[in-house]
Amino acid sequence: MPSVYDTSDGTLIQPLKGHKDTVYCVAYAKDGKRFASGSADKSVIIWTSKLEGILKYTHNDSIQCVSYNPLTHQLASCSSSDFGLWSPEQKSVSKHKANSKITCCSWTNDGQYLALGMFNGVISIRNKNGDEKVKIERAGAASSPVWSICWNPSRDERNDTLAVADWGQRLSFYQLSGKQIGKDRTLNFDPCCVSYFTKGEYILLGGSDKQVSLFTKDGVRLGAIGEQSSWVWTCKAKPDSNYVAVGCQDGTISFYQLIFSTVHGLYKDRYAYRDSMTDVIVQHLITEQKVRIKGRELVKKIAIYKNRLAIQMPEKILIYELYSDDSSDMYYRVKEKIVKKFECNLLVVCSEHIILCQEKRLQCLSFSGVKEREWLMESLIRYIKVIGGPPGREGLLVGLKNGQILKIFVDNVFAIVLLKQSTAVRCLDMSASRNKLAVVDENDTCLVYDIHTKELLFQEPNANSVAWNTQCEDMLCFSGGGYLNIKAAVEVPQSAPMYQYLERKMFKEAYQIACLGVTDADWRELAMEALEGLEFETAKKAFTRIRDLRYLELISSIEERKKHGENLNELFLADVYAYQGKFHEAAKLYKKSGHESLALDMYSDLRMFDYAKDFLRSGDPKDTKMLIKKQADWAKNINEPKAAVEMYLSAGEHMKAIEISGDHGWVDMLIEIARKLDKAEREPLSKCAFYFKKLNNPGYAAETYMKVGDLKALVSLHVETHRWEEAFALSEKHPEFKDEVYVPYAQWLAENDRFEEAQKAFHKAGRQREAVRVLEQLTHNAVVESRFNDAAYYYWMLSMQCLDIAQENEEQKTEMLQKFHHFQQLAEVYHVYHYIQRYTEEPFSFHLPETLFNISRFLLHSLTKETPLGISKVNTLFTLAKQSKALGAYKLARHAYDKLQGLQIPARFQKSVELGSLTIRSKPFHDSEELVPLCYRCSTNNPLLNNLGNVCINCRQPFVFSASSYEVLHLVEFYLEDGITDEEAVSLIDLEAPRLNKSGNKWQEMMSDDAQSLRLNDSAVIIEDDDPFTAKLSFEQGSSEFVPVVVNRAVLQSMSRRDVLIKRWPKPLRWQYYRSLLPDASITMCPSCFQMFHTEDYELLVLQHNCCPFCRRRIDESNQ
């Protein structure tokens, strides 16, 4: 069971019952309000400071160790197979498996990480949730179980340091990252416990050597704490104290108090002392300089004399010397090393020897460690001191316990008895003239003797140490009872004589009197009077006495100026008055010496602006402005920006006022400034506009730019803030800014995925190339995304853009016209493929079989050279095969299926194609005559699949197709004879010479902005046999060359306007003319894209879409 003891007397306060088996571990929370115990009964109990159990939980194995998070009440408990984390705010314990027996655990001092020591030699570092962050695998781990670990609790260390003790008899240190610090320290025993002192400066280590060893935080062994009779299994330092509790195998609990004695040495102005048990610090008492001599062993003794320093360690003595003879030099280097163990009570170093005191024996050793002589005293030696002398022949004062005081010379074996008193000696010193001896005895009494007469001159109580003044023979200092006492054998002069000299301005004499002893206030008065009297040497000495560095710096700067030839005493005195706080007197002297600016600087630096203004009065206005500016700077620095703005404005510093207002977001202040400024002040107004933009007030920014007349900046503002309406209005008034408006607008539209509007904006800005590039991107995207209808529309737009460029740019005319024709063809191809794609991809067909049949034929005829991106021959042939079979064109269907066999068919079509290929063979090997296309020029029946493409095989006349059903229209294109212009041709056709028809019924021509139509009222009109145009249709049979229909003026005049359709292309293209050969069928042409339709189809499509199906021209738009 756990037991609680009182550390003051070791009494058992209370045994705690709750565990059913041996308790293996206990741990207190950092605040002492709770502690936990773990037992072999596999349970953990949490107890309050009142020794009441408040919680119990279990593991699957016996509990090996427990540890509280140093910042919270989170508890880590570890068993042989797992570890658990519990905190008061949790309902349950979170447990985590371990792959080896956990022997020890420890939290980092920030409570973020938990280190686990394993029996297999591995260290696992976990976060607060139990997740492993670092795994430290150590050399020889299998044979070296980690038995104890502990994080350094110091918060001053830069990195967390983990001390690890294992049964490979090693002490190691690791960082949180898992990196080892230094090498392993060999212990020569099995460690069972390791723990730090509260501040992390020392380590306690116990184990099989039956003692607790004290180490530095770096792993240097300092010594043993108490020998035990059995193994030490646990040792802990009491928080914030030097008490150590030790628990042993046999059940013994020991409680020790450690006393760390002061190890030091003093010689004149140098003081050496031990730090961190292994280092030595030497301090110069005058200059305050310090130097640290680092060691790796315990420092036992220190001795210092002149330029020598001796340091005793357990197994050696190191002798150091100063690098130079300079009195301020603090650099020590090793002179000699005596590698030998010495046991001594006192250690003294001389110029060439070291003196060891061993109870009654004094030994003198050379720096090489050779014993040169030895003195044996009657009683124990209590005090020893070097009192100077030539190198190698120094004198020593020795005080004994029996009261005897001796003088010994290093080079003499005989000791000289100076005197003997009845009480034991504690401290000794001899006066500078060697005439007086001061002794402190064991009764704390300071006794002063005359060495020659042995007479006791006087004595003082409450002393534990004593020293004579090295300059003044009769001045003695002794300490005791918390006081430092100075005693002079002569009467010290008072302050009155010093002031008498000061009244007469006799500063040097006053200083000599002050040296005999005056108060700090007297020294300050002397220093100030001497300074005002410009007696800088005396002032410097007096200020040195009272350590007033501020005035010493002033004197030093004045001396430097005097060296450089400056000799204005009034100016020096003004500086003195300024330092003393007599500012008005200083200002008068500055003015008198012609340095008014220094007075202004002084008042400005002191923020005494009202005094500065009074000083200036009716001075230079520039100085007044500069003063206001400085005042404004000060207001800005002390976080008074509003006051600073007002001051800058009154000083005419508009830019600084604007910057402060802008940085603080004061829009109202900026408006006020901007409206007060003249329009000629462009820079501050531009700065105002910049801040208006930054503060999201574009309206005020616009107002400011208008005031300045900076239209370019105004346009840029509208563009940056996307205020497009204002930008457009401005560009209308000032066309030179058209590019600055429309190009960013188009880019903004493009960035917001409004590509069509962007293309129009580029076009409007005259950036044809950008417009074309946007369209090309749109087109490519549409093809990639299988939006072929959109692709057709964009290609049509691209072609028209190219036509526009060809009109404007003569150099690019040929290239652009080629692109125009190419894009027109692509537009038509994608337009028809859209229907095929919908047929093959969508479950329902929206088109008649005849239309799909015509479309697939048209597309195959158009794809004779190369197949454009996105268009599938498989889909086209598949559509053709299906519709051919359905319409009775079995020969064509068989041809289509055969072609499909040579292509890579998608899996979804595979069965359908294979079945179609088989079933088509059961059909007759011919096509329905109803489907055969007729050439309206030569009346030749053309094959359904034409190797020449979409032209007649006989007369080579290109077919004209309806853009909806793709039936061949009854139109024949004709060309004008050379010399006939388009305007003349139209005028001739419009003449419409009268012709006799066999029927009295007439055509009605319908013209509108939307379409140009020919409509028959009733029955068909039969063109007379003597129609001049009919004669022109003839051609030479058997020729492979296409002979176009060319008409002259007479033929044109004979034509009826109702029979002719004209594609009125813009320049540089020529118009295209078509003659209708079957007036009984009405044809409509779109006035925008010039595509031909059966009138009924066109009207239906317009009703459906309210626009042309090809170019998407809206019906309510006028023909542009």
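The values are calculated or read from the model by the stated rules, or taken from the named source; none is laboratory data. Note that this is a predicted model, so its numbers are computed, not measured. Cβ coordinates were reconstructed from backbone atoms using ideal geometry, including for glycine residues, and neighbour counts include every protein chain displayed. What goes into the accessible areas is simple: the full protein's heavy atoms, side chains included, and nothing from ligands, DNA or RNA. Shrake-Rupley method; radii C 1.70, N 1.55, O 1.52, S 1.80 Å.
Looking only at segment 964-984, count how many residues are over 22 Å from Ala792 (Cα atoms) and either in contact with an Asp or Glu (Cβ under 8 Å, 6 or more places away or on another chain) or buried (at least 19 other Cβ atoms within 10 Å of the Cβ) (or both). If you could, list the steps in order and put the result at the bottom.
Of the residues in segment 964-984, the ones over 22 Å from Ala792 (Cα atoms) are 970-984.
Next cut, either in contact with an Asp or Glu (Cβ under 8 Å, 6 or more places away or on another chain) or buried (at least 19 other Cβ atoms within 10 Å of the Cβ) (or both) only: 971-972, 974, 976.
Qualifying residue count, segment 964-984: 4.
Suppose we filter Thr544, Thr470, Thr538 for residues that are closer than 28 Å to Tyr267 by Cβ, of a type in the set (Val, Ile, Thr) and in a helix (DSSP H, G or I); which single one remains? If you could, list the steps in order and put the result at the bottom.
On the way: Thr470 fails: in a helix (DSSP H, G or I); Thr538 fails: closer than 28 Å to Tyr267 by Cβ.
Exactly one of Thr544, Thr470, Thr538 is closer than 28 Å to Tyr267 by Cβ, of a type in the set (Val, Ile, Thr) and in a helix (DSSP H, G or I), namely Thr544.
Kindly indicate whether any position in segment 257-269 is aliphatic (A, V, I, L, M), in a loop (DSSP other than H, G, I, E, B), within 19 Å of Thr7 (Cα to Cα) and open to solvent by 80 Å² or more (accessible area, probe 1.4 Å). Spell out the reasoning first.
Step one: of segment 257-269, the residues aliphatic (A, V, I, L, M) are 258-259, 263, 266.
Subset that is in a loop (DSSP other than H, G, I, E, B): 258-259, 263.
Still in the running and within 19 Å of Thr7 (Cα to Cα): 258-259.
If we keep only those that are open to solvent by 80 Å² or more (accessible area, probe 1.4 Å) as well, we get 259.
Yes - at least one qualifying residue is present in segment 257-269.
When you scan segment 389-407, how many residues do you find that are at positive phi and open to solvent by 20 Å² or more (accessible area, probe 1.4 Å)? So that I can check it myself, show each step before the final result.
First pass over segment 389-407, keeping only residues at positive phi: 389, 392, 403.
Now narrow it down to the ones that are open to solvent by 20 Å² or more (accessible area, probe 1.4 Å): 389.
Of the residues in that region, 1 qualify.
With respect to the numbered conditions (1) assigned to a strand (DSSP E or B); (2) farther than 27 Å from Phe478 by Cα; (3) within 60 Å of the chain's Cα centre (by Cα), which one is the sole condition not fulfilled by Ser351?
(1)
Could we say that Leu877 is in a loop (DSSP other than H, G, I, E, B) and surrounded by 13 or more Cβ atoms within 10 Å (Cβ to Cβ) here? Spell out the reasoning first.
Numbers: in a loop (DSSP other than H, G, I, E, B): no; surrounded by 13 or more Cβ atoms within 10 Å (Cβ to Cβ): yes.
Criteria not met by Leu877.
Glu460 passes all but one of (1) buried (at least 20 other Cβ atoms within 10 Å of the Cβ); (2) out of contact with any Asp or Glu (no Cβ under 7 Å at 6 or more places or on another chain); which number fails?
Single failed check for Glu460: (1).
Could you list, in sequence order, all residues of segment 110-148 that are within 22 Å of Glu89 (Cβ to Cβ) and either of a type in the set (A, V, I, L, M, F, W, C) or open to solvent by 20 Å² or more (accessible area, probe 1.4 Å) (or both)?
At the first step, the residues of segment 110-148 found to be within 22 Å of Glu89 (Cβ to Cβ) are 110-114, 126-131.
Matches in segment 110-148: Asp110, Gln112, Tyr113, Leu114, Arg126, Asn127, Lys128, Asn129, Asp131.
Based on what the data block shows, is Asn127 modelled with pLDDT of 90 or more and within 28 Å of the chain's Cα centre (by Cα)?
Values: modelled with pLDDT of 90 or more: yes; within 28 Å of the chain's Cα centre (by Cα): yes.
When the stated conditions are applied, Asn127 passes them.
So how many residues does segment 410-457 have that are open to solvent by 70 Å² or more (accessible area, probe 1.4 Å) and of a type in the set (Gly, Ala, Ser)?
Within segment 410-457, residues that are open to solvent by 70 Å² or more (accessible area, probe 1.4 Å) and of a type in the set (Gly, Ala, Ser) number 1.
Do we have any residue at all in segment 204-216 that's open to solvent by 20 Å² or more (accessible area, probe 1.4 Å), in contact (Cβ under 8 Å) with a residue 60 or more places away in the chain and in a strand (DSSP E or B)?
In the first step, residues of segment 204-216 are kept if they are open to solvent by 20 Å² or more (accessible area, probe 1.4 Å); the result is 208-211.
Checking the rest, the ones that are also in contact (Cβ under 8 Å) with a residue 60 or more places away in the chain come to none.
No - not one qualifying residue is present in segment 204-216.
Checking the structure you have, find out if any residue of segment 277-298 is open to solvent by 60 Å² or more (accessible area, probe 1.4 Å) and of a type in the set (Gly, Ala, Ser).
Of segment 277-298, the ones open to solvent by 60 Å² or more (accessible area, probe 1.4 Å) are 285-290, 292, 294, 296.
Within this subset, residues satisfying the condition of being of a type in the set (Gly, Ala, Ser) are none.
No, that holds for no residue.
If a residue has to be without any contact (Cβ under 8 Å) to a residue 24 or more places away in the chain and within 40 Å of the chain's Cα centre (by Cα) to count, how many in segment 58-103 make the cut? Steps first, please.
Taking segment 58-103 first, the residues without any contact (Cβ under 8 Å) to a residue 24 or more places away in the chain are 58, 60-61, 80-82, 87-92, 97, 99-100.
Now drop any that are not within 40 Å of the chain's Cα centre (by Cα), which leaves 82, 87-92, 97, 99.
The qualifying residues number 9.
Counting only residues that are over 59 Å from the mean Cα position of the chain (by Cα), give me the helices (runs of 4 or more DSSP H) lying completely in segment 473-534 with at least 2 of them.
Working: elements: 495-503, 507-514, 520-532.
Filter on segment 473-534 gives 495-503, 507-514.
Find all pairs meeting these conditions: Cβ atoms under 6 angstrom apart; at least six residues apart or on different chains; first residue within segment 926-952 and touching a residue at least 24 places away in the same chain (Cβ under 8 Å); second residue of a type in the set (D, E, K, R) and open to solvent by 30 Å² or more (accessible area, probe 1.4 Å).
As it stands, the answer is His926/Lys891; Asp927/Lys891; Leu944/Asp927, since those pairs meet every condition given.
Just one of (1) open to solvent by less than 70 Å² (accessible area, probe 1.4 Å); (2) closer than 29 Å to Val425 by Cα; (3) not basic (Lys, Arg) trips up Asn345, so point out which.
All conditions are met except number (1).
Would you check if Ser143 is at pLDDT below 90, out of contact with any strand residue (DSSP E or B) (no Cβ under 6 Å at 6 or more places or on another chain) and either closer than 27 Å to Ser39 by Cβ or not polar (S, T, N, Q) (or both)?
Details: at pLDDT below 90: yes; out of contact with any strand residue (DSSP E or B) (no Cβ under 6 Å at 6 or more places or on another chain): yes; either closer than 27 Å to Ser39 by Cβ or not polar (S, T, N, Q) (or both): no.
Criteria not met by Ser143.
Please work out which residue is surrounded by the most Cβ atoms within 10 Å (Cβ to Cβ), limiting yourself to segment 23-47 and to residues that are out of contact with any Asp or Glu (no Cβ under 8 Å at 6 or more places or on another chain) and among the polar types (S, T, N, Q). Don't jump to the end; show me each part of the working.
Taking segment 23-47 first, the residues out of contact with any Asp or Glu (no Cβ under 8 Å at 6 or more places or on another chain) are 23-38, 43-47.
This time we only want the ones that are among the polar types (S, T, N, Q), so: 37, 43.
Values: Ser37: 24, Ser43: 19.
Residue satisfying both the conditions and the ranking: Ser37.
What's the number of the only condition in (1) surrounded by 14 or more Cβ atoms within 10 Å (Cβ to Cβ); (2) in a loop (DSSP other than H, G, I, E, B); (3) among the polar types (S, T, N, Q) that Asn188 fails to meet?
Only one criterion in (1) surrounded by 14 or more Cβ atoms within 10 Å (Cβ to Cβ); (2) in a loop (DSSP other than H, G, I, E, B); (3) among the polar types (S, T, N, Q) is unmet by Asn188, namely (1).
Asn950: touching a helix residue (DSSP H, G or I) at 6+ places or on another chain (Cβ under 9 Å) and closer than 23 Å to Gln1091 by Cα, yes or no?
Working: touching a helix residue (DSSP H, G or I) at 6+ places or on another chain (Cβ under 9 Å): yes; closer than 23 Å to Gln1091 by Cα: yes.
So Asn950 fits the description; yes.
Can you find a residue that is over 23 Å from Glu566 (Cα atoms) and surrounded by fewer than 22 Cβ atoms within 10 Å (Cβ to Cβ) anywhere in segment 533-541? Let's see the steps before the verdict.
Within segment 533-541, the first condition is being over 23 Å from Glu566 (Cα atoms), and the residues that meet it are none.
No - not one qualifying residue is present in segment 533-541.
Could you name every one of the helices (runs of 4 or more DSSP H) located completely within segment 1015-1120 that has at least 2 residues being open to solvent by 30 Å² or more (accessible area, probe 1.4 Å) and either at pLDDT 90 or above or out of contact with any helix residue (DSSP H, G or I) (no Cβ under 8 Å at 6 or more places or on another chain) (or both)?
Output list reads 1028-1032, 1095-1105.
Return the residues of segment 299-314 that are open to solvent by less than 20 Å² (accessible area, probe 1.4 Å) and under 18 Å from Ile384 (Cα atoms); say none if nothing qualifies. I'd like the intermediate steps shown before the answer.
Start the filter on segment 299-314 by keeping residues that are open to solvent by less than 20 Å² (accessible area, probe 1.4 Å), which leaves 299, 302-305, 309-313.
Of everything in segment 299-314, those that are open to solvent by less than 20 Å² (accessible area, probe 1.4 Å) and under 18 Å from Ile384 (Cα atoms) turn out to be Ile302, Ala303, Ile304, Tyr305, Leu309, Ala310, Ile311, Gln312.
Here are some residues: Ile13, Ile102. Which one is open to solvent by less than 20 Å² (accessible area, probe 1.4 Å) and among the aliphatic types (A, V, I, L, M)? Even if it seems obvious, please write down each step before you answer.
Values: Ile13 fails: open to solvent by less than 20 Å² (accessible area, probe 1.4 Å).
Unique residue meeting the criteria: Ile102.
Search segment 249-268 for residues being touching a Ser or Thr at 6+ places or on another chain (Cβ under 8 Å) and touching a residue at least 24 places away in the same chain (Cβ under 8 Å), and hand back the single one that is farthest from Ile225 (Cα to Cα). Spell out the reasoning first.
Keep residues of segment 249-268 that are touching a Ser or Thr at 6+ places or on another chain (Cβ under 8 Å), which gives 249-250, 252, 255, 268.
Now drop any that are not touching a residue at least 24 places away in the same chain (Cβ under 8 Å), which leaves 252, 255, 268.
Values: Thr252: 15, Phe255: 10, Lys268: 36 Å.
Here the answer is Lys268.
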